[in-house]
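Q: Pasting in a structure now, in structure tokens, and then I'll have a few things to ask.
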Amino acid sequence: MRLETGGQINRDKRITFKFNGTEYQGCEGDTLASALLANRVKLVARSFKYHRPRGIMSDGSQEPNGLVELHQGDQITPNVRLTQQEVHSGIDARPQNYWGSLDWDLLELNDLLSPFLGAGFYYKTFMWPKAFWEKLYEPVIRRAAGLGKLSMQRNSDSYEKAFAFCDVLVIGSGPAGIMAALTAAKAGAEVILCEEDFRFGGRLNSETHQIGGKPGADWAADKIVELSAMENVRLMRRTTVTGAYDGGTYGALERVAHHVTDPQGAPLECFWRIVAKGCVYAAGAMERPIAFRNNDRPGVMMASAVRGYVNRFGVAPGKRVAIFGNNDDAFRTARDLDAAGVRIAAYVDTREEAEIDGDFPIYKGAQITNVKGRKAVEAVTITGRGDVMADCVAVSGGWNPTVHLTCHMNGRPQWDENIVGFVPRHGMIPGMEVAGAAKGHFSTKACLQSGIGSAKDVLKSLGISARAALTGSGRRDVQDHTVLGS
């Protein structure tokens with residue numbers, strides 16, 4: 001399923017790894033998820049309670065299905081997301097939450113009995129005879145519960161903790177985050193830019209837009225080079241900001257050596273306490289799914305993830321892709337797949353008035369109501385059309401701003417009817433300004449402008465002049481852009 005061209009991977013450097021006991025090959029720059037999709041691996045996990053088949057659904061840290069176990073002995077690390085783990089030589093990933101084998105999970109019987117296994121059913125069902133609870137019922141239930149397992153030994157990996165201080169902390173390195181970091185850095189502020197991915201650029205790495213007359217991913221790479229040359233800037237990739245606390249303190253976890261075979265004494269992870277005078281939160285947004293029967297089958301994916309695998313990793317998640325959406329963003333997936341030579345089995349849009357045109361079957365005012373197939377998508381059922389053969393379904397229900405971190409000090413987001421989603425209220429975290437898609441701005445121009453504006457607001461609160469922050473190419477980038485989304 002690897003495309004002949006495209007992507008930000010090194011096709012000349014092949015890497016051998018294992019998943020579920022079988023050897024596969026990926027490329028430098030792959031995640032485990034993209035490498036498995038390139039090798040046509042659809043089934044990667046089982047659901048928690050009913051043990052239904054599960055496949056890759058997203059291409060980022062929001063992945064709910066692709067959780068695996070890495071390493072051996074006392075170094076076992078459970079619940080590692082396939083979408084975040086970089087491929088490296090010798091990696092051995094093992095699926096979780098099955099009894100027997102991943103293909104033939106004996107606990108899949110729970111799915112057949114699901115009408116009788118309601119929430120909390122065991123508290124009433126297994127109370128008699130009383131002596132059986134501790135000796136039989138509880139051990140069996142506990143064995144089936146939970147995701148992943150620990151070695152129960154003292155972990156011999158090394159971990160580190162560290163402190164960092166700055167004037168402005170920027171969370172997220174998409175267009176808003178990059179412009180915020182540049183604005184603050186050029187004004188002379190001490191800046192830390194945190195990105196949870198191993199590549200800076202955010203969604204720009206997964207899209208085909210242009211900024212300043214060049215591909216968005218290239219633009220982001222150039223700006224990161226510019227930032228890395230500044231002595232007042234610290235770039236932290238593979239670093240997830242996990243918490244916001246009093247006094248401008250933020251917790252952040254850096255994955256130091258998860259991406260290398262031999263860490264050579266380096267710690268596996270480092271937990272940072274970052275004290276910042278101000279913060280720009282530019283963590284982007286997450287695409288919403290759409291509910292329909294069997295929408296959890298392997299092969300049902302977010303539309304943004306499907307085009308992300310095509311554009312960033314050069315991988316087609318399917319040979320016949322059905323696309324189902326209620327917004328213009330879904331059509332961008334169709335456009336990118338069509339340009340990459342991936343066959344589109346059906347484009348389904350719930351809107352009668354949608355302006356769509358393409359050399360593939362289009363169904364307006366329709367819905368996908370069911371998916372056929374057990375361990376992989378085989379067909380989809382479309383209202384008014386019946387069954388259409390497909391091996392992948394790309395779903396787009398719109399976008400939700402990533403508000404999580406803004407709620408860490410008991411703040412509540414507010415509803416924005418224009419985007420049909422929640423956005424952070426101003427001042428939820430003292431000293432924090434929200435920018436870009438996290439604030440509900442879903443176009444490149446709006447994200448760029450929002451990043452600049454938020455950084456200037458933070459600088460103003462710190463008494464730092466931002467007059468010289470944005471000049472020359474930076475200003476032209478805001479004016480010369482391609483729209484990110486409607």
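The values are calculated or read from the model by the stated rules, or taken from the named source; none is laboratory data. In this text, all values refer to a predicted model and were calculated from it rather than measured experimentally. Methodologically, a virtual Cβ is constructed for each residue, glycine included, from the backbone with ideal geometry; neighbour enumeration extends over all protein chains shown. Ligands, DNA and RNA are stripped out before the accessible areas are found, and what is left, the full protein with its side chains, is counted by its heavy atoms. Shrake-Rupley method; radii C 1.70, N 1.55, O 1.52, S 1.80 Å.
Q: Can you say whether C279 is at pLDDT 95 or above and closer than 19 Å to G60 by Cβ, as far as the supplied structure shows?
A: Details: at pLDDT 95 or above: yes; closer than 19 Å to G60 by Cβ: no.
Answer is no for this residue.
Q: If you take the residues in segment 269-313 that are among the hydrophobic types (A, V, I, L, M, F, W, C) and open to solvent by 40 Å² or more (accessible area, probe 1.4 Å), which one is nearest to the chain's Cα centre (by Cα)? Show your work before the answer.
A: Here is the first cut: in segment 269-313, the residues among the hydrophobic types (A, V, I, L, M, F, W, C) are 270-272, 274-276, 279-280, 282-283, 285-286, 290-292, 300-303, 305-306, 310, 313.
Now restrict to residues that are open to solvent by 40 Å² or more (accessible area, probe 1.4 Å): 271, 275, 283, 286, 291.
Numbers: F271: 21, V275: 26, A283: 11, M286: 8, A291: 19 Å.
This residue is M286.
Q: With the requirement that a residue be open to solvent by less than 30 Å² (accessible area, probe 1.4 Å) and either in a helix (DSSP H, G or I) or more than 20 Å from N65 (Cβ to Cβ) (or both), what does segment 76-106 give you?
A: If the condition is that a residue be open to solvent by less than 30 Å² (accessible area, probe 1.4 Å) and either in a helix (DSSP H, G or I) or more than 20 Å from N65 (Cβ to Cβ) (or both), then H88 is the only one that fits.
Q: I want to confirm something. Restricting to segment 14-56 and keeping residues that are aliphatic (A, V, I, L, M) and over 17 Å from G314 (Cα atoms), which single residue is surrounded by the most Cβ atoms within 10 Å (Cβ to Cβ)?
A: V44
Q: When the residues of segment 348-372 are filtered to those that are in a loop (DSSP other than H, G, I, E, B) and open to solvent by less than 20 Å² (accessible area, probe 1.4 Å), which remaining residue is nearest to I382 (Cα to Cα)?
A: So in segment 348-372, the residues in a loop (DSSP other than H, G, I, E, B) come out as 350-361, 365-367.
From what's left, open to solvent by less than 20 Å² (accessible area, probe 1.4 Å): 354, 366.
Details: A354: 17, A366: 7 Å.
By that ranking, first place goes to A366.
Q: Across segment 412-440, what is the number of residues that are part of a loop (DSSP other than H, G, I, E, B) and either touching an Asp or Glu at 6+ places or on another chain (Cβ under 7 Å) or of a type in the set (K, R) (or both)? Break it down into steps so the answer makes sense when it comes.
A: Of all residues in segment 412-440, those part of a loop (DSSP other than H, G, I, E, B) come to 412-413, 417-420, 424-431, 435, 440.
Cutting the leftovers down to either touching an Asp or Glu at 6+ places or on another chain (Cβ under 7 Å) or of a type in the set (K, R) (or both) gives us 412, 425, 440.
Final tally of qualifying residues: 3.
Q: Now for a different question. Within 19 Å of T208 (Cα to Cα) and either among the polar types (S, T, N, Q) or assigned to a strand (DSSP E or B) (or both) - does that describe any residue in segment 373-382?
A: Filtering segment 373-382 for residues within 19 Å of T208 (Cα to Cα) gives none.
No - not one qualifying residue is present in segment 373-382.
Q: Filter segment 197-222 for residues that are without any contact (Cβ under 8 Å) to a residue 60 or more places away in the chain and assigned to a helix (DSSP H, G or I); which is surrounded by the most Cβ atoms within 10 Å (Cβ to Cβ)? Working first, answer last.
A: Residues of segment 197-222 that are without any contact (Cβ under 8 Å) to a residue 60 or more places away in the chain, as a first pass: 200-201, 204, 214-215, 218, 220-222.
Now narrow it down to the ones that are assigned to a helix (DSSP H, G or I): 204, 218, 220-222.
On the way: L204: 27, D218: 15, A220: 24, A221: 18, D222: 16.
Only one residue fits best here, namely L204.
Q: Inside segment 276-319, can you point out the residues that are in a strand (DSSP E or B) and not β-branched (V, I, T)? Step through it out loud before you land on a result.
A: Here is the first cut: in segment 276-319, the residues in a strand (DSSP E or B) are 276-281, 285-287, 293, 300-302, 315.
Passing the criteria: A276, K277, G278, C279, Y281, A285, M286, E287, R293, M301, M302.
Q: In a strand (DSSP E or B) and under 22 Å from the mean Cα position of the chain (by Cα): which single residue out of A345, A334, A322 fits that description? Walk me through how you get there before you give the answer.
A: Values: A345 fails: under 22 Å from the mean Cα position of the chain (by Cα); A334 fails: in a strand (DSSP E or B).
Answer to the selection: A322.
Q: Also, quick follow-up: Out of segment 105-157, which residues are under 30 Å from P263 (Cα atoms), over 29 Å from the mean Cα position of the chain (by Cα) and touching a residue at least 24 places away in the same chain (Cβ under 8 Å)?
A: Result: Q153, R154, S156.
Q: Just to be sure I understand the filter: pairs with C-beta atoms under 6 Å, separated by 6 or more residues or on different chains, first member in segment 404-427 and buried (at least 16 other Cβ atoms within 10 Å of the Cβ), second member of a type in the set (F, W, Y). Which pairs pass?
A: P413/F422; F422/W415
Q: Another question, then. Need the failing condition index for A446 against (1) hydrophobic (A, V, I, L, M, F, W, C); (2) crowded, with 16+ Cβ neighbours inside 10 Å; (3) part of a loop (DSSP other than H, G, I, E, B), just the number.
A: The single condition A446 does not satisfy is (3).
Q: Hey, another quick one. Considering only segment 129-168, state which residues are of a type in the set (D, E) and either on the phi > 0 side of the Ramachandran plot or surrounded by 12 or more Cβ atoms within 10 Å (Cβ to Cβ) (or both).
A: Keep residues of segment 129-168 that are of a type in the set (D, E), which gives 134, 138, 157, 160, 167.
Those that are of a type in the set (D, E) and either on the phi > 0 side of the Ramachandran plot or surrounded by 12 or more Cβ atoms within 10 Å (Cβ to Cβ) (or both): E138, D157, E160, D167.
Q: May I ask you to say which residue of I344, I323, I368 is farther than 22 Å from G6 by Cβ and among the β-branched types (V, I, T)?
A: Sole residue among the options that is farther than 22 Å from G6 by Cβ and among the β-branched types (V, I, T): I368.
Q: Now, a different point. Which one is surrounded by the fewest Cβ atoms within 10 Å (Cβ to Cβ) among residues in segment 107-128 that are closer than 14 Å to S47 by Cβ and polar (S, T, N, Q)?
A: S114
Q: While we're here: Does any residue of segment 8-20 turn out to be under 26 Å from T240 (Cβ atoms), under 16 Å from the mean Cα position of the chain (by Cα) and not β-branched (V, I, T)?
A: No: segment 8-20 contains no residue that is under 26 Å from T240 (Cβ atoms), under 16 Å from the mean Cα position of the chain (by Cα) and not β-branched (V, I, T).
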